[in-house]
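Engineer: A single structure is presented below for examination.
The values are calculated or read from the model by the stated rules, or taken from the named source; none is laboratory data. Not measured: the values here are computed from a predicted model. Positions of Cβ are backbone-derived with ideal geometry, glycine not excepted, and every protein chain shown enters the neighbour counts. For the accessible areas, the whole protein counts, side chains as well, though only heavy atoms, and no ligand, DNA or RNA atoms are used. Shrake-Rupley method; radii C 1.70, N 1.55, O 1.52, S 1.80 Å.
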Amino acid sequence: RKEVEQDPGPFNVPEGATVAFNCTYSNSASQSFFWYRQDCRKEPKLLMSVYSSGNEDGRFTAQLNRASQYISLLIRDSKLSDSATYLCVVAGSYIPTFGRGTSLIVHP
Amino acid sequence: EPEVTQTPSHQVTQMGQEVILRCVPISNHLYFYWYRQILGQKVEFLVSFYNNEISEKSEIFDDQFSVERPDGSNFTLKIRSTKLEDSAMYFCASSEASGRETQYFGPGTRLLVL
């Protein structure tokens with residue numbers, strides 16, 4: 001089983017839509033969880049950390065389910081500028097592990 | 001806003017040549033990292049560096065690779081004898097604390113080995 005798995009997509013949605021991504025991880029000892037965003041040929045940029053209680057930042061909501069070992073990202077009211085690849089990152093001890101990313105395309 | 005910088009942005013080299021990729025981490029950060037991303041693939045951890053020594057490294061980080069912090073600001077990745085499969089984007093990152101904390105990435109160096 002891969003350490004961090006994501007549906008590669010692409011998710012093709014219209015502006016204004018709500019879209020959700022999941023990410024599963026295999027290491028039950030993982031302690032830190034993040035969603036990063038990566039635009040084509042650019043560096044990953046932190047979107048949000050994921051806390052056990054779940055957290056929200058504007059249109060973005062992240063949740064963690066330790067029992068089932070997955071994290072999720074919900075994007076409400078999608079904008080054209082949300083088009084990117086969303087990377088799930090899981091850190092156990094000191095080495096963060098990246099998923100391959102989920103591609104989102106928001107169209108007019 | 002402080003940011004991680006990397007030079008050069010692009011590097012083309014011949015197979016077997018040595019390359020040095022340079023990074024300037026965010027000034028108050030203590031942990032430094034190198035990652036690579038082969039075109040179309042996921043970001044892969046290479047090495048982490050703390051207190052002037054390697055703290056963790058992956059299987060990818062073999063004897064051809066080395067890292068150094070030659071002064072108080074630069075953090076370098078050296079590939080001694082490049083191979084075709086070393087062609088990738090190399091990202092430097094830094095964090096205030098360990099890998100469990102948020103990492104900030106530089107813009108990357110695109111390395112092409114011919």
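Engineer: Being closer than 20 Å to B:GLU3 by Cβ, polar (S, T, N, Q) and more than 13 Å from the chain's Cα centre (by Cα) is the filter here, so list the residues in the stretch B:59-102 that pass it.
Structural biologist: Within the stretch B:59-102, B:SER73, B:SER95, B:THR102 qualify.
Engineer: Sticking with this structure for a sec: Just give me the residues in the stretch A:62-108 being at the interface with chain B (Cβ under 8 Å from one of its Cβ atoms), of a type outside the set (A, V, I, L, M) and part of a strand (DSSP E or B), in sequence order.
Structural biologist: A:PRO96, A:THR97, A:PHE98
Engineer: How many of the residues making up the stretch A:56-84 are surrounded by 15 or more Cβ atoms within 10 Å (Cβ to Cβ) and touching a Pro at 6+ places or on another chain (Cβ under 9 Å)?
Structural biologist: 1
Engineer: Considering only the stretch B:19-30, state which residues are open to solvent by less than 70 Å² (accessible area, probe 1.4 Å) and either more than 12 Å from the chain's Cα centre (by Cα) or within 21 Å of B:GLN64 (Cα to Cα) (or both). If you could, list the steps in order and put the result at the bottom.
Structural biologist: Narrowing the stretch B:19-30 to residues open to solvent by less than 70 Å² (accessible area, probe 1.4 Å): B:19-21, B:23-26, B:29.
Answer for the stretch B:19-30, where residues must be open to solvent by less than 70 Å² (accessible area, probe 1.4 Å) and either more than 12 Å from the chain's Cα centre (by Cα) or within 21 Å of B:GLN64 (Cα to Cα) (or both): B:VAL19, B:ILE20, B:LEU21, B:CYS23, B:ILE26, B:HIS29.
Engineer: With respect to B:SER98, determine if the residue is farther than 16 Å from A:THR97 by Cα, small (Gly, Ala, Ser) and either in a loop (DSSP other than H, G, I, E, B) or free of Cβ contacts under 8 Å to residues at least 12 places away in the same chain (or both). Break it down into steps so the answer makes sense when it comes.
Structural biologist: On the way: farther than 16 Å from A:THR97 by Cα: no; small (Gly, Ala, Ser): yes; either in a loop (DSSP other than H, G, I, E, B) or free of Cβ contacts under 8 Å to residues at least 12 places away in the same chain (or both): yes.
In short, no.
Engineer: Here is a follow-up. Suppose we keep only residues that are surrounded by 15 or more Cβ atoms within 10 Å (Cβ to Cβ) and among the charged types (D, E, K, R) within the stretch B:49-101. Which one would you say is farthest from B:SER27 (Cα to Cα)?
Structural biologist: Filtering the stretch B:49-101 for residues that are surrounded by 15 or more Cβ atoms within 10 Å (Cβ to Cβ) and among the charged types (D, E, K, R), the one farthest from B:SER27 (Cα to Cα) comes out as B:ASP86.
Engineer: Counting just the residues of the stretch B:90-102 that are within 7 Å of chain A (Cβ to nearest Cβ) and within 15 Å of B:VAL43 (Cα to Cα), which one comes out modelled with the lowest pLDDT?
Structural biologist: B:GLY99
Engineer: For the stretch A:24-55, give me the residue count where each residue is open to solvent by less than 20 Å² (accessible area, probe 1.4 Å), more than 11 Å from chain B (Cβ to nearest Cβ) and among the aliphatic types (A, V, I, L, M).
Structural biologist: 1
Engineer: Where in the stretch A:1-40 are the strands (runs of 3 or more DSSP E), entirely inside, with at least 2 residues that are under 14 Å from A:ALA62 (Cβ atoms)?
Structural biologist: Counting at least 2 such residues, we get A:19-25, A:32-38.
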